[in-house]
Amino acid sequence: MGELDGRTALITGGAAGIGAATAAVFEREGATVGILDRAQGLDVRDADAVTRAVNNFADEHGRLDILVNNAGTGDLRPLHTVDDKVWHRLLDVNLTGTFNGMRAAVPLMLEAGRGAIVNNASVSGITPTRNEAAYSAAKAAVIALTKSGALEYGPRIRVNCVAPGHVQTPLTDVWEQFPDAFAPIEAAIPLRRIGQAAEVAEVILFLASDRASYVTGATITVDGGISLPQAGTDAALAALVARLNSS
């Protein structure tokens, strides 16, 4: 018996990466899964299109039990070089896209008397890194939006989010071009490796399932420990201690 037997779930950005892994895990656990993705012609920035897609899915399957707002995009550049187009793209996809999904799903869940929403934030929304100002700001806002939803719609709807760290997805493919550049980061991760999309999907499953029946407004980091205080300097300090001991 699966943890989501008889449930219906809709996942934005579900064609690849964490979204696709989540769809696979949900299906394994018995859910009827629908995917909304740019590859299928849906732009989460288009509020009307998102609302139509969510309502169509609910009409087809009789209800909507779970929504996973996973669609997102990233960018790397210094703050002062972020132009208006990049700024609005990052906020509109990551934040407004999440808002559009929630706003469309909430009335259906309220009518049904129950529901679970899981938003995909980022560890960068908790501990920003260099050259990710717009992305970090958008993901921090997703965390705040998640908490607001939990406050407003409990007890009928639970709203939580995950905050992945370095996870292998299409957004991180750039690191494969420069493995030497990523090596110091991987060394600084307490678990000493990059994460897999399926590992994040398992946490999303938990938050969407009845196992998390008393969890709402939470942000669960899935980052191998990289956001722990001073984790990024640990390798450098270890090397310094080694030098001091050898001198």
Report relative contact order for region 8-246 in percent, whole number only (criteria: Cα-Cα under 8 Å, sequence separation at least 6). 20
Taking the simple approach of a point 7 Å from Cα along Cα-to-Cβ for both ASP46 and TRP87, what is their distance in nm? 2.6
Using the Karplus curve 6.51 cos²θ - 1.76 cosθ + 1.60 with θ = phi - 60°, work out ³J(HN,Hα) for each residue of region 8-15 in order, rounded to whole Hz, and write x for Gly and Pro. 10, 9, 10, 10, 8, x, x, 8
So, counting K/R as plus one and D/E as minus one, what does the shell of residues with Cβ under 14 Å around ILE194 add up to? -3
When the convex hull of the Cα atoms of the chain is projected onto a plane and the area is averaged over all directions, what value comes out in nm²? 15.1
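All of the numbers you see were taken from the coordinates with simple rules; none came from a lab. Small disclaimer: the values here were computed from a predicted structure and weren't measured. Virtual Cβ from ideal backbone geometry, glycine too; neighbours counted across all protein chains shown.
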